[in-house]
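The values are calculated or read from the model by the stated rules, or taken from the named source; none is laboratory data. Since we're looking at a predicted model, the values are computed, not measured.
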Amino acid sequence: MSPRRRPGSKFETIKLDPGLRRGDNLHEIRTQSFNTEPAMPFGSPTLTAILLLIASNVFMTFAWYAHLKNLNDKPWWIAALVSWGIALFEYLLQVPANRIGFTTMNLGQLKILQEVITLAVFVPFAVLYMNEPLKWNYLWAGLCLMGAVYFTFKA
């Protein structure tokens, strides 16, 4: 049989004992687990996913908001084309990050993690790059997200 993928688990191949015959007890099926995933550049799949999501979020934040500062005097369609070009690099990181992350997290956990990373990237971008004042709202939003993380990752 070919490997089967189960969300949140490793790949498995089920091998039947050649000595089994029709009607034998199914508990006698022997399984062999093995990891068919490629080696992760940062050790664990979760850490690799987090680092790729951080990098992808930096690109996406620039794609969404940097044109407000840098291309404010240009027509909107030029800003859109530039943003699409930047977003391409975001997708080249985000798609593998989500695929890798989905091997160790469920979809809800992956989404909440993405939102926390978004805020963690956005606040420094807004303050340092866009020269926005640091506001208490960022802290309160971060605390709300930490509550969401707690409830989403709670076993």
Practice item. Can you work out which of the residues in the range 117-155 that are modelled with pLDDT of 90 or more and under 15 Å from the mean Cα position of the chain (by Cα) is nearest to THR48 (Cα to Cα)? Key: ILE117
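Conditions tested, residue by residue: (1) outside the structural domain of PHE62 (by TED's automatic domain parsing); (2) under 13 Å from PHE62 (Cα atoms); (3) of a type in the set (Val, Ile, Thr).
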site	(1), (2), (3)
ASP73	no, no, no
GLU90	no, yes, no
THR103	no, no, yes
ASN106	no, no, no
ILE112	no, no, yes
VAL121	no, yes, yes
LEU128	no, yes, no
TRP136	no, no, no
GLY142	no, no, no
